[in-house]
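Quick one: this structure, given as structure tokens, is what I'll be asking you about.
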Amino acid sequence: MHSNLALIKRYQEFLPVSDKTPIVSLGEGNTPLVAARNLPGALGYPQLSLSFKLEGLNPTGSFKDRGMTLAISKAVEARARAVICASTGNTSASAAAFATKAGLTCYVLLPAGHVALGKLAQAILYGARVIALAGNFDVALDMVRALADENNLTVVNSINPFRLEGQKTAAFEVVEQLGRAPDYLFIPVGNAGNISAYWRGFKTYKEARRADSTPKMFGFEAEGSAAMVRGQPIANPETIASAIRIGNPASWQEAARAAQESNGKIDSVSDQEILEAYALLAKHEGIFCEPSSAASLAGLIKHLKLGTVIKDATITCVLTGNGLKDPNTALELVKADLSPVAPDPSKLKEVMQL
Ligand code: F0G
């Protein structure tokens with residue numbers, strides 16, 4: 001229904017826009033919610049009603065497009081000159097694409113050496129002014145804050161209020177696709193904006209009587225950068241999940257409230273648990289997501305084992321980004337023998353063990 005409408009138009013009544021807002025759209029939103037077929041059984045919980053929200057199928061390959069369509073549309077409406085963001089990769093890819101469509105200059109500050117290859121390629125090819133910063137994401141965001149005002153640059157990180165407003169539409173879609181709110185939502189946590197946005201969305205739909213309930217919100221940081229779990233910022237966050245390699249989340253307070261109000265939890269998962277979940281999704285469900293995205297499933301597996309989660313619950317795991325952005329991690333995880341084989345049927349038969 002309405003799937004060909006721009007996301008902002010589809011949910012206009014819930015968003016801070018007017019009929020005059022010039023909409024910049026790349027065809028974002030309306031991503032599939034896919035029911036798990038094999039994983040509940042493989043994990044030993046066959047009663048589980050598990051689904052995955054495939055946010056990697058947005059136009060630039062991540063959930064960031066939902067917030068960016070609104071942030072860039074509002075920037076055009078306000079006659080912005082140029083936009084700027086700090087990013088672990090996906091925000092920069094999304095900002096660069098929407099800015100170029102709007103005709104705006106886009107500056108991106110990336111933590112040098114810690115951005116997945118596909119994301120870097122996207123930002124460069126969309127035409128952003130890409131700066132590799134000698135510092136991590138948190139330092140890059142500090143630089144953005146320091147530069148923005150006096151240089152008349154519009155910040156399109158999630159500290160821009162329109163970003164999370166746009167991102168809350170993902171919760172609307174989950175409710176529509178399931179026909180109800182799930183019992184639990186599992187989601188990765190980096191800068192802590194997305195879990196905050198989903199919680200806004202679920203609460204909005206309950207208030208609007210489009211859902212009878214709201215889910216328990218379970219958010220997962222990577223262990224080496226789990227500032228919220230530890231209760232203090234981390235100066236040198238480390239994790240293989242580079243998208244959530246963040247030591248001082250900007251939306252810390254709102255995310256903490258989301259977990260508390262919903263009777264959920266902010267917890268952490270190890271890199272090992274993340275990589276196992278990442279491989280399980282590909283192998284059992286045919287889903288290739290980013291390592292960071294798999295923190296949601298890793299968290300679910302952890303809490304199934306802990307007994308936190310009811311065995312026949314309805315659960316949605318948000319898979320935030322597309323695995324194609326980071327092929328290096330996949331190939332390093334699973335070493336395949338790719339030495340060439342002669343084009344000879346009998347030789348092939350032998351290699352294929354037919
Ligand atoms: N998953 C992916 C694939 C991400 O790119 C991010 C954040 C998150 C999860 C965490 O979401 O920050 O709202 O808690 N990426 C940001 C970026 C930081 O710069 O692309 P969050």
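Excluding residue 308 itself, what net charge comes from residues whose Cβ is under 12 Å from its Cβ, given Lys and Arg +1 and Asp and Glu -1?
On the way: positive: 216, 265, 302, 305, 311; negative: 183, 267.
Computed value for this residue: +3.
Next question, about the same structure. Could you count how many Lys pairs in the stretch 203-337 have their Cα atoms under 15 Å apart, skipping same-chain pairs fewer than 8 positions apart?
Working: 203/216; 206/216; 216/265; 216/311; 265/302; 283/335; 302/311.
For the stretch 203-337, qualifying lysine pairs total 7.
Related question: Mind listing P(r) for the chain? All alpha-carbon pairs, 10 Å bins, whole percents.
6, 26, 34, 23, 8, 3, 1, 0
In Å, what Kirkwood hydrodynamic radius results for the stretch 107-176 from the alpha-carbon pair distances?
Numbers: mean 1/r = 0.0721 Å⁻¹.
About 13.9 Å for the stretch 107-176.
Shape of the stretch 187-286 from its Cα gyration tensor (a ≥ b ≥ c, root eigenvalues): rounded if a/c is under 1.5, otherwise prolate when a/b > b/c, or oblate? Don't skip to the end; give the middle numbers.
Details: a/c = 2.56, a/b = 1.33, b/c = 1.93.
Cα axes put the stretch 187-286 in the oblate bin.
Follow-up question, since we're still on this one. Excluding residues fewer than 8 places away in the same chain, name every one of the lysines whose C-alpha is closer than 19 Å to that of residue 101.
Straight-distance partners of residue 101: 9, 20, 64, 74, 119.
OK, next. Which trypsin sites (Lys or Arg not before Pro) from the stretch 181-288 combine a DSSP loop assignment with at most 15 other Cβ atoms within 10 Å?
Within the stretch 181-288, the qualifying trypsin sites (Lys or Arg not before Pro) (loop, at most 15 other Cβ atoms within 10 Å) are 209, 210.
To continue, here is another question. What does the highest-first list of 58-71, 164-177 look like by mean Cβ count within 10 Å?
Details: 58-71: 29.2, 164-177: 23.9.
Packing order, densest peptide first, comes out as 58-71, 164-177.
Net charge near residue 16, counting Lys/Arg +1 and Asp/Glu -1 over other residues with Cβ under 10 Å of its Cβ? Numbers along the way, then the final one.
Values: positive: 74; negative: 165.
Computed value for this residue: 0.
Would you grab the residues whose amide H sits under 5 Å from the one on residue 270? Only those 5+ places off in sequence or on another chain, please, with H modelled 1.01 Å from N.
The answer is 223.
Values quoted throughout were computed directly from the atomic coordinates according to the rules given, and no laboratory measurement underlies them. Because the structure is predicted, anything quoted here is derived from the model rather than measured. Counting neighbours? That spans all protein chains shown, and the Cβs are built from the backbone with ideal geometry, glycine included.
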